[in-house]
Structures are given as structure tokens and as C-alpha cells.
């Protein structure tokens, strides 16, 4: 019985193991790898991927998928940069408008998925083209951000000593991850997400608010994603319509490596955070290695993803076997 | 509870039609407090429609439903549950990856401030299950337990909602004997607490073991309500099947079915069994013989067919074809042994609606030959035309989409498909269900013709008349077990029904 309990946790345990192994091998192989600065940089460089992965974790646990996140990051960035440079709308209001646009897109996609019973893959594919297209409509080129408030936010940071600082957006990532973990574990909404991903028909028959929850999941995800877009524009201090190309796939990868089942019903926010860190670690190791082309990052991520998918397959097969006993 | 015996639920003149079918026709049903009421009927009798109307899945067309004297209408299963009518379905509608405790409490978790109170959930879940004599670790995921325990968890969830009426739809089909006993004990306790229980099952023994009253439906009509103690099994079966045996039943004799001298056996089963599905089973099918499988719904008829065709693999026993031992472990393998199977549910398991009649017919023939030895278009057309004519399939042309044909003609297309393979054994599972009388007669004729050609046929039907008519030997199944075999002169509807009505041994899978 005890063994079976751990079976559910195998994905997240293996995620953690992979992270430790990667980190240790990096630390042994390269001088200066085992430092606070490198570790903190993992958070800094991956903050916006991480923030988006939090929303994606909700979506994937519920058994869905969202392909629109990369485009939405670009759209938010371009919208934000343009509103700041071309209008007099106050910066706080700009942030609010950007988040609202994200929420609106999510609400629309969630409603289509629920009311018309359309597959999330298709609906969010539409969202992906829509958001990408709109960002090019707004601007063909990169628009720099020179707003005072944005500059100050991008510079704001918590000093950690030794001249190492944790910037505001990295802090945002950490706080949002904590909130996400809390929602998943301690609220009815969070548990309903698991229920829907586990078996939607059952969840409906058990009297859970399936429709409302599903729409809410996509709304939240797109809002978080808009926030991720804002963080990205703080990180680069520009709005660029080609930003975040293929980002949705990186994010999905991070979530899956983090132990969330693509079929839904199983997953942890903690896993997602480690998943994001693993992607960052691979990149860092390649950088430290120095001779390899950065494209090797993709190769390693591909191999790792393959291993995790095989692991998920194995667990699913074990489950069916157990049932037949 | 004081009001035991009072009417809890009263349904009068309830009707519901679907396009072309009257699923419920002025049905009455009365459930009293503290009673277990069995709802009986064969497939298509209207049991599930009645439950679905009651729990708000379907709307009624006319009639009245009263719960505790007040008009009742549910808009959805959730609504019904909140008004006191809860259902536990045959398939377990729970969440396999979540813990047992969470499955009992999800949607109405006890809260502590803004947080879910996990401690209280686990504690209360434990208590709820102890009431059902179940002591398990409630923090484990549901999927780590057997179906029986999952079923109990589903019941625990329902009881905890404090239902007035509990509907159990085939709850025992996957339980073993001890698990059933446990369930029955629980049912009795709930009954004593004043709950009304509607119990749907195909196992007659269980009906007699547990229920106080029985309501029988047939073809959407109300046949009657009886006290279980006053309704002998034999009469119950005759009411379900619609044969009044009290009247002198003249057996049509076995005029058509008598075989010339017994021939060589084609396939022999010795003690073939599948744990949890079918008890050990013997059967011999000779060349040029029509063997019938008779039994009520859920008696294991289709399961036998699926074992023979390799869809399910047996867990014990041996099979012989032409006196040589074989292991039929996949449909492909079965086809290579010259066995063909027309499934019961032609819509989902047989016909491919978007392909043309021609494509549907040559499909397995092609797959048998392999990818590289194509059948020329001309040959395909020749085969198709041959069978369209032979079986009198009504099509506008051979390229018509199979999905647009009527039920009887779809059935004929499937028959043609397997006949084109020239099988030595043809398994027909309910070949005449839902087709009109004319088509039935033709299919019957066809069966005789195949028999003349020396082919073996395993004929499964819930219409006893057909079985008596066509078969030269009949194996009788009951509760997943072969309870008798009759042949030749002895085959009659009455004989089959008497065998079915015999007191069961109570043995369960």
C-alpha cells in the first residue's frame, strides 16, 4: 500500500532527482557553478517562463492545454509599450488594461471550450493566431519602454548580499508560485481542477461546478500570462511582436517535466517550479561548457522530455495492470 | 424512523418518447420508506429511461412524479441529488487519482477559515466508511482499491449527502460474493433507517435475497408491482419476457432445427473460464450445426462470444478446433481459424458508417489477405453485388454510405461481410435486434442455408422463440454460468424458462 502511494509521487520525485543530479554535475564540472549568483540567475532568467508555467499547470491538471501563451506574451508587451509611448494613459492603468485584455481572451477561450464543447487545443490555437496577429497589427517593430515607473520597477530588487540582488519580477514569480500551490491544495476551486482533469464526466455527476471552473481556469491562465508578458517587457524593456515564439512549448515542457500528467488529474505547483529550474539549469550548463552551440539545449530538453513521457506511460500502464489484478 | 412504509415516491402515468420509440408508456412506480424495490425488465424495457427521467437526465413528456407528496422535477442529476435522490451507477463515477477521502467530500469539503480542512476530511471519511464496515487508508488514491471498494466509496459519498432515495443501478455486476453480502448488509441498514432504495440488477437471486417489492417493466410499459415473497421466480421471468406460460404453450417443435446425424465437432471448449466474468464453461459446436445461447441479459452470452472470437482471453480451460488444441487470443487469430463474429451492437462495433457498402463488405477480407495482395475493384464489386442480391440488401447502389441504411440492412451488410470470408463458424450476437419482421425471417432463412453448407453457427438471442426455431442445441446461461444444455426434441421455450427459474446456487463470481 505504501508503495502505491509513492507511485503517484514518482513523477515529482524523479523531477527533483533530475534537478539535484544536474545541479551537482554542473557544480563538479565547472568552476564557479556552485555559487549563489548562478542559482539566483536561474530565477531571474526564467521568471517570466515560470510565471506562465504556473497558469499552464492549472490548465494541464484540468486536462486542457493552452497554446496561446507565447503570442499573448508578445501581444501584452507590444500593447504595453505602445500605450506607454503613444498615449498619456498612466502606467498603472496600462498594467491594468494589459491584464484585462489577457483576462478577456482567456474568458472567451474558456467559454468556447465549455459551451461549444470544443477541444482546448483548437480553441487556443485560434487564440494563438489572434494574439500574434494583433501584436503585428499594433506594431511591426520592437518598441522600447522608457516610462519612469517601468524603469524603476525593472530596477527594483532585494539585495541578498555580495552585490547579488533579486529583482522584483523574480520575486513576483516566487510569490505567484506560492499562491498557485496554495490554491491547488487548499481551495475548493483548486481541488475541482484536479477533479475535472481526472474525469470530467464523473466530476459533473458528482455535482461539481465543471463549466464555471473550466472557464475560470482559462481566464486565470491568460491573466497570469499577461502578467508574464509584462514581466518579459520589464526584463527586456521593450515590446516586440515576435517575442515568445514557441514559448508555449517551453512552458508545456516545463510543466510536464515537473511531473504534471498531460492527461490531467495529477500535478503539483512545486513540480512546475522545479521543471522550470531544470530547463534553466540545462541552459546554464551549456553556457558554462562554452564549446557547445546553444542549440544543444534543445536537444537535451528533448531527450529529458522523452524520458519523462516514457515514465508517465509506464505509470499509466502500471495502473491498468493493478486494476486488472 | 417512524414513517416506515409511507409512500416516499409516487410516479403515475409517466411517458417519454424518443424519435420512433416510446421508451416509457404510462408507467407507474411507487416507492415506500424503508423498502428495497427491485426494478426488473429486459433490455429496452425502460428501466434506465425511468431512472434518467427521475434524476433529470431526460425530461418527461407526461405523467406525474411526487416526492413525499409534493411535485418533483429534477433539472439534472445534481439537482436530483440535492433534492434527495442519489444514484450509484454501474460504472463508478468517481475520481481515480484523488484520495478516497477526497472522493467522498469533494464539492462540500469542510473548511477552516479559507482553507480546506484536510484533517476533518480524512477523519470524517474514515467514519463514513467504518459505518459500511470498511477500514481502509482513506488518504490513498481511489485507483489503488478494487472495484468493489470503489463502489462502497461511491455509496459512502451518497449516504453522506443524506439521500432520501438511493438508486443502485447494477451495483453488483463487478462484485464478488463477499462484497455483495457486504453491500446487501449496507442496503438493509439504510432501509431500516428509512431510506427508499431502488435496486436494478440482472441477478434474480439477488432480487429474491434483498428486495421487498418488484416492479416489472416490459417494452416501456408497466407490467405490475408485486411483493417479492408472493411472486415465484418462474412467474417473474415470464412477466419479464412477456410469455404467459399458464396458457397451454404449444411448442412449435423443432421442425427446422433438427440435424441430420451428428457431425464432426468444429470447436470444443473444455472448462474455459475468465475470472470475474465467466464460470468454467463447456461447449461443443459441430459442423453444420446451429447452437443457441439462451439466457437473460447479463447472463454471460456475449462474454462467451467474445472469448470464442479472441476479444477477451480466457484465464483457464482449453479450446480445440478440429480436435487440435488452439489458443484464440486475438480477433485476427480467430479470423485465421475461420471464425467470424457479428457483434451485438452493430452501430459501435460492426458497421463503419462513413464507408460505403462495398468497402464495409470487403474490409475484413482485405485485411485477411494482407496489405500487399489487394482485391481488384472489379472483384470487390462482384463480391458486393453477389451479397446484395443474395441477402436482398436494399441499397440504391453499392457505393451508398453504410450509415444511411436502415438497421436491418446494416445488419445484412455485416452478415455479408463475414459470409464473404467463408467462415467455418459464424457467431451471431443478437442478429435480429431492432430489425423488422421481414428482415428477421430472411436472416433466419440465411442461417439455415449456411447450415446446409456445413458451416457452424453460434446463435445468441434474447428472443426464445427464435432460439427454439433455429437451433438444434441450446446452452442455457444464468448468472455467468452454464446451467443446462438441451437438444433436438427437448428444445422448447418452456424448458428454457424452467431451467432459468431454478433456484440458483447463490454462487457468485
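The values are calculated or read from the model by the stated rules, or taken from the named source; none is laboratory data. Remember, predicted model here, so these are calculated numbers, not experimental data. Positions of Cβ are generated from backbone atoms using ideal geometry, with glycine treated the same way; all protein chains shown enter the neighbour counts.
Of the numbered conditions (1) touching a residue at least 12 places away in the same chain (Cβ under 8 Å); (2) surrounded by fewer than 21 Cβ atoms within 10 Å (Cβ to Cβ); (3) in contact with a helix residue (DSSP H, G or I) (Cβ under 6 Å, 6 or more places away or on another chain); (4) within 14 Å of chain B (Cβ to nearest Cβ), residue A:195 fails exactly one; give the number of that condition.
Of (1) touching a residue at least 12 places away in the same chain (Cβ under 8 Å); (2) surrounded by fewer than 21 Cβ atoms within 10 Å (Cβ to Cβ); (3) in contact with a helix residue (DSSP H, G or I) (Cβ under 6 Å, 6 or more places away or on another chain); (4) within 14 Å of chain B (Cβ to nearest Cβ), only one is false for residue A:195: (2).
Looking at residue A:117 and the list (1) out of contact with any helix residue (DSSP H, G or I) (no Cβ under 6 Å at 6 or more places or on another chain); (2) in a helix (DSSP H, G or I), which single condition is not satisfied?
Result: residue A:117 passes all but (2).
Among the residues of the stretch B:112-129, how many are more than 8 Å from every other protein chain (Cβ to nearest Cβ), closer than 27 Å to residue A:10 by Cα and buried (at least 20 other Cβ atoms within 10 Å of the Cβ)?
The number of residues fulfilling the criteria is 2.
Within the stretch B:137-150, work out how many residues are more than 30 Å from the chain's Cα centre (by Cα) and more than 9 Å from chain A (Cβ to nearest Cβ).
Residues in the stretch B:137-150 being more than 30 Å from the chain's Cα centre (by Cα) and more than 9 Å from chain A (Cβ to nearest Cβ): 1 in total.
What number of residues within the stretch B:474-499 are in contact with a strand residue (DSSP E or B) (Cβ under 7 Å, 6 or more places away or on another chain) and not in a helix (DSSP H, G or I)?
13
Have a look at B:167, B:136 and point out the one that is in a strand (DSSP E or B) and either touching a residue at least 24 places away in the same chain (Cβ under 8 Å) or more than 30 Å from residue B:10 (Cα to Cα) (or both).
B:167
Only one residue in A:227, A:238, A:181 is within 24 Å of residue A:270 (Cβ to Cβ) and either within 14 Å of chain B (Cβ to nearest Cβ) or at pLDDT below 90 (or both), so which one is that?
Within the list A:227, A:238, A:181, the selection yields A:181.
(1) free of Cβ contacts under 8 Å to residues at least 12 places away in the same chain; (2) away from chain A (no Cβ under 11 Å); (3) part of a loop (DSSP other than H, G, I, E, B): which one isn't true of residue B:52, the others all being true?
So residue B:52 meets the others, but not (3).
So in the stretch B:82-92, with the set limited to residues that are touching a helix residue (DSSP H, G or I) at 6+ places or on another chain (Cβ under 9 Å) and outside any loop (DSSP other than H, G, I, E, B), which one is farthest from the other protein chains (Cβ to nearest Cβ)?
B:85
Can you find a residue that is assigned to a strand (DSSP E or B), touching a helix residue (DSSP H, G or I) at 6+ places or on another chain (Cβ under 8 Å) and closer than 15 Å to residue B:228 by Cα anywhere in the stretch B:199-207?
Within the stretch B:199-207, one or more residues are assigned to a strand (DSSP E or B), touching a helix residue (DSSP H, G or I) at 6+ places or on another chain (Cβ under 8 Å) and closer than 15 Å to residue B:228 by Cα.
Would you be able to say whether some residue in the stretch A:209-217 is closer than 23 Å to residue B:120 by Cα, touching a helix residue (DSSP H, G or I) at 6+ places or on another chain (Cβ under 9 Å) and at the interface with chain B (Cβ under 10 Å from one of its Cβ atoms)?
Yes, because at least one residue in the stretch A:209-217 is closer than 23 Å to residue B:120 by Cα, touching a helix residue (DSSP H, G or I) at 6+ places or on another chain (Cβ under 9 Å) and at the interface with chain B (Cβ under 10 Å from one of its Cβ atoms).
Quick check on the stretch B:173-187: of everything there that is within 25 Å of residue B:84 (Cα to Cα) and without any contact (Cβ under 8 Å) to a residue 60 or more places away in the chain, which residue is surrounded by the fewest Cβ atoms within 10 Å (Cβ to Cβ)?
B:185
Is the stretch B:194-207 home to any residue that is over 30 Å from residue B:499 (Cα atoms) and crowded, with 19+ Cβ neighbours inside 10 Å?
Among the residues of the stretch B:194-207, at least one is over 30 Å from residue B:499 (Cα atoms) and crowded, with 19+ Cβ neighbours inside 10 Å, which makes the answer yes.
Looking only at helices (runs of 4 or more DSSP H) that lie completely in the stretch A:1-110, which have at least 3 residues being within 14 Å of chain B (Cβ to nearest Cβ) and without any contact (Cβ under 8 Å) to a residue 24 or more places away in the chain?
Output list reads A:2-29.
Quick one: which residue in A:240, A:232, A:218 is closer than 30 Å to residue A:133 by Cβ and touching a strand residue (DSSP E or B) at 6+ places or on another chain (Cβ under 8 Å)?
Step by step, each of A:240, A:232, A:218 is checked, and only A:240 is closer than 30 Å to residue A:133 by Cβ and touching a strand residue (DSSP E or B) at 6+ places or on another chain (Cβ under 8 Å).
Would you confirm whether any residue within the stretch B:93-111 is more than 9 Å from chain A (Cβ to nearest Cβ) and modelled with pLDDT under 85?
Looking for residues that are more than 9 Å from chain A (Cβ to nearest Cβ) and modelled with pLDDT under 85, one finds none in the stretch B:93-111, hence no.
Identify the residue in the stretch B:55-77 that is within 14 Å of chain A (Cβ to nearest Cβ) and out of contact with any helix residue (DSSP H, G or I) (no Cβ under 8 Å at 6 or more places or on another chain) and, among all such residues, is farthest from residue A:264 (Cα to Cα).
Only one residue tops the list, namely B:75.
May I ask you to verify whether residue A:94 is surrounded by fewer than 18 Cβ atoms within 10 Å (Cβ to Cβ), out of contact with any strand residue (DSSP E or B) (no Cβ under 7 Å at 6 or more places or on another chain) and at pLDDT 90 or above?
For residue A:94, the condition - surrounded by fewer than 18 Cβ atoms within 10 Å (Cβ to Cβ), out of contact with any strand residue (DSSP E or B) (no Cβ under 7 Å at 6 or more places or on another chain) and at pLDDT 90 or above - is not met.
Checking the structure you have, find out if any residue of the stretch B:29-47 is over 29 Å from residue B:184 (Cα atoms), in the same structural domain as residue B:208 (by TED's automatic domain parsing), surrounded by 14 or more Cβ atoms within 10 Å (Cβ to Cβ) and modelled with pLDDT under 90.
The answer is no, given that none of the residues of the stretch B:29-47 is over 29 Å from residue B:184 (Cα atoms), in the same structural domain as residue B:208 (by TED's automatic domain parsing), surrounded by 14 or more Cβ atoms within 10 Å (Cβ to Cβ) and modelled with pLDDT under 90.
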